[in-house]
Each structure stands twice: as C-alpha cells, then as structure tokens.
Amino acid sequence: MNLKRTQVRCTTVRLAGLSAAVVTAVALVACGGGSGAKASQTAAKVNKEEITVHQINFVLQRQPNIKPEQVDAASRQILERLIDQELAVQKAQDLKLDRDPRVVQQIETAKREIIARAYAEHLGETATKPTEQEIKQYYADKPALFAERRIYNLQEINIEAKPEQYDSIRTQLQDAKTLPQFLEGLKAGGFRFVGTQLVRSAEQIPLNNLDAISRLKDGQFILNGNPTGLTVLYLAGSQSQPATEAQARPSIELFLLNQRRSELVAKDIKAMRENARIEYVGKFAEGAASAPASTTPALPAASDTPLGAASGPMDNSALSKGLGIK
C-alpha cells in the first residue's frame with residue numbers, strides 16, 4: 001500500500017483562547033512583520049520538506065494561557081519540535097514504517113476520529129446558548145456546586161469482604177467513635193483494606209455523587225458496595241467556599257451549552273442509526289438486536305442515598321474526575 005504523506009496547509013488560523021494582542025503578534029510573524037511584501041509561509045526546510053508558519057500557528061493555538069510576550073519564544077520552540085518530528089517522519093519513511101499494517105491502521109483510526117469530531121463540532125455550532133433564566137435556574141438548582149459550595153477532605157476505605165460479613169462491618173462502623181477506632185477493628189477482624197485521602201472541591205465530584213456527599217457533616221460517612229466488598233467514604237472535614245452567581249455564570253453557560261451540543265449529536269446519531277442499514281456479522285450478530293445503541297451519555301441524576309446507610313454502588317473512582325465547571 002502506498003501512502004502519500006500530507007502536510008497540514010491551513011488557509012485560515014483560528015487562535016482560540018489567545019488575546020487580541022497574541023493574535024496580532026502571530027499575524028505579524030506570518031506576514032513578515034508588516035513590511036508590506038508578500039512573506040514566505042515557510043518557517044524552515046528539512047532536507048526536501050518544508051515546515052510552514054501555518055503548522056506552527058496550528059500548534060500554538062492549542063497552547064493555553066500564552067502571553068503576548070511569550071509568542072515569539074513559543075513559536076521558536078514549536079518550530080524546533082516540528083523539525084525533530086519531521087526528521088523522525090523522514091527516517092520512518094526511509095524504513096518504510098509508514099507501510100506497516102499497524103501504522104496504517106493507526107493512521108486510519110486517527111483520521112476517522114478527526115472527521116467524526118469535525119462532524120460533532122459542526123453540528124454543535126448550531127446549538128442555542130442558554131438563556132439568562134436557564135443559567136439562574138441551574139445555579140439555584142445546584143446549591144452544593146455554588147451557593148453552598150465546599151472543599152471536602154474525604155477518606156476512602158476499600159474493604160475486601162464477603163456479603164455475609166457486610167452487616168458486621170456496618171455495625172462496627174456505626175459503633176466506632178472515630179475512624180482510627182474503626183480501622184483498628186478491621187485489623188483485629190483480619191479484614192484487608194486500603195485507605196486513600198482525597199481533597200476535592202464540589203465541582204471535582206461527579207454530580208451523581210455530589211448531593212449525597214454535600215449532605216454529610218464532618219465525621220459522617222457513606223457506605224457502599226464495590227466488586228470486592230465495601231467502600232467507606234468518610235468526611236474528615238470540609239471548608240465552605242461559596243461561589244456567587246456572577247462568578248459561576250461563565251462556567252454554567254459553557255456547561256449547559258456543551259450539554260446541548262452533546263444532546264444534538266446524540267439525537268442526530270440516533271436518527272441516522274434508525275435510517276441506516278446496519279447488519280451485524282458473525283459473533284457480533286448474536287444478541288445485536290437487544291444491545292443498546294451507542295449514544296452520548298446523559299447527565300447523571302443526583303443521588304438520593306440516605307447518609308450513613310448502605311446503598312447502591314457509588315462511583316468512588318470518579319471522585320478524581322472533574323465536571324469541567326471551574
């Protein structure tokens with residue numbers, strides 16, 4: 001298979017997230033400093049291949065929080081990295097690695113992902129922005145995220161146990177006056193466990209867990225099942241750090257807009273699946289009719305789990321993942 005190497009040649013460069021001063025500075029780089037003469041778009045030549053200003057700008061636009069005075073130095077650093085990359089590509093081509101089936105598959109996979117993402121972004125651009133009333137309502141509906149926002153010092157204890165041991169562990173936890181006392185009881189009972197300390201702000205806790213955690217007072221706990229036993233989530237302490245509606249507004253607007261974009265894509269994909277002819281083959285045909293269609297996951301509902309009582313599984317591992325609201 002003969003793969004032709006392509007270079008990114010952009011006709012326009014959108015420097016999202018950069019200030020007007022940075023955009024101006026980059027424009028000057030691309031236009032030869034405003035001399036009036038048509039500037040070359042070539043930044044460097046590596047053997048017979050060119051690296052263009054457009055390629056540098058494409059990488060530059062993906063760098064967050066670049067100050068105007070840093071643009072020139074950042075552009076030069078990017079150029080050096082692109083030169084190293086170009087040398088590696090040329091060597092790989094000499095070794096015919098670009099024809100390796102595994103490399104070809106990775107290229108095709110990346111291409112499909114890029115094109116699919118472009119479709120999602122294109123469709124997402126049609127989403128309407130949330131209204132002022134919708135933003136106010138979201139703020140009011142999520143006091144744990146905003147008006148009553150806290151920083152949580154959590155201790156997570158994962159205990160290996162059998163179902164018939166759950167009641168005993170629950171009783172020990174409720175009777176213990178302190179967490180160390182409970183842990184000593186686990187050791188005495190021969191239970192294996194692992195403890196982890198987590199410091200999380202409200203927006204770093206998944207919404208389906210936040211309501212339950214926000215109702216905890218310092219020293220209280222939530223007990224849940226896990227695949228190997230039980231998980232105790234203990235609130236060692238917390239600190240109140242509320243966010244005003246004005247402070248939260250940009251994040252809420254972006255969150256709601258992204259949610260609408262995801263819903264648009266999910267709806268469009270569902271419609272296309274209904275109108276497309278999809279035929280499963282071989283082992284994938286078994287049970288295909290009952291398999292759920294792949295869609296963008298909806299926002300999880302808030303948990304109504306009573307505090308200090310056993311409940312359904314709680315996604316403890318997701319505590320380390322943020323909601324994108326900051």
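Read-outs throughout are calculated quantities, based only on the coordinates presented, and are distinct from any laboratory measurement. Please read these numbers as outputs of a predicted model, since none were measured by experiment. So basically every Cβ, Gly included, is an ideal-geometry build from the backbone, and we count neighbours across all protein chains shown.
For Val104, Val194, Val265, Val53, which order do you get if you count the other beta carbons within 10 Å of each Cβ and list the fewest first? The partial results should precede the final answer.
On the way: Val104 13, Val194 9, Val265 20, Val53 23.
By the 10 Å Cβ count, ascending, the order reads Val194, Val104, Val265, Val53.
What residues qualify as long-range amide H neighbours of Ser238, i.e. H under 5 Å apart, gap of 5 or more or another chain, H built at 1.01 Å from N?
It is Asn153, by chain and number.
If I stretch the segment between Ile107 and Glu134 completely, what's the gain in nm (0.36 nm per residue apart, minus their alpha carbon distance), one decimal?
Working: separation 27, 0.36 × 27 = 9.72 nm, distance 4.22 nm.
Length gained, Ile107 through Glu134: 5.5 nm.
What translational diffusion coefficient, in µm²/s and rounded to a whole number, does the Stokes-Einstein relation yield for segment 209-278 at 20 °C and a viscosity of 1.002 mPa s, taking the hydrodynamic radius as the Kirkwood radius over Cα pairs? If you can, show how the numbers build up before the last one.
On the way: Rh = 16.5 Å.
Answer from the Stokes-Einstein relation: 130 µm²/s.
What is the distance in Å between the Cα centres of segment 51-123 and segment 169-245?
Distance between centres, Cα-based: 44 Å.
Quick one: which residues, 5+ away or cross-chain, put their amide H under 5 Å from the amide H of Ser201? H built at 1.01 Å from N.
The list, which skips near neighbours in sequence, is Tyr152.
Apply the Karplus parameterisation 6.51 cos²θ - 1.76 cosθ + 1.60, with θ equal to phi minus 60°, to every residue of segment 195-204 and state each ³J(HN,Hα) to the nearest whole Hz, in sequence, with x for glycine and proline.
Values, residue by residue: x, 9, 9, 10, 10, 9, 7, 4, 6, 8 Hz.
If you stretched the chain out fully between Glu164 and Gln85, how much longer would it get, using 0.36 nm times the residue separation minus the C-alpha to C-alpha distance?
Details: separation 79, 0.36 × 79 = 28.44 nm, distance 5.83 nm.
Taking 0.36 nm per residue and subtracting the Cα distance, the gain is 22.6 nm.
Given the Cα-Cα distance of Asp72 and Leu257 and 0.36 nm per residue of separation, how much length would full extension add, in nm? Walk me through the numbers on the way to the answer.
On the way: separation 185, 0.36 × 185 = 66.60 nm, distance 3.40 nm.
Stretched out fully, the Asp72 to Leu257 stretch lengthens by 63.2 nm.
Test of understanding: extend the Cα→C-beta vector of Gln239 to 7 Å, then name every residue of segment 125-169 with backbone N under 14 Å from that spot.
Backbone N within reach: 150-154.
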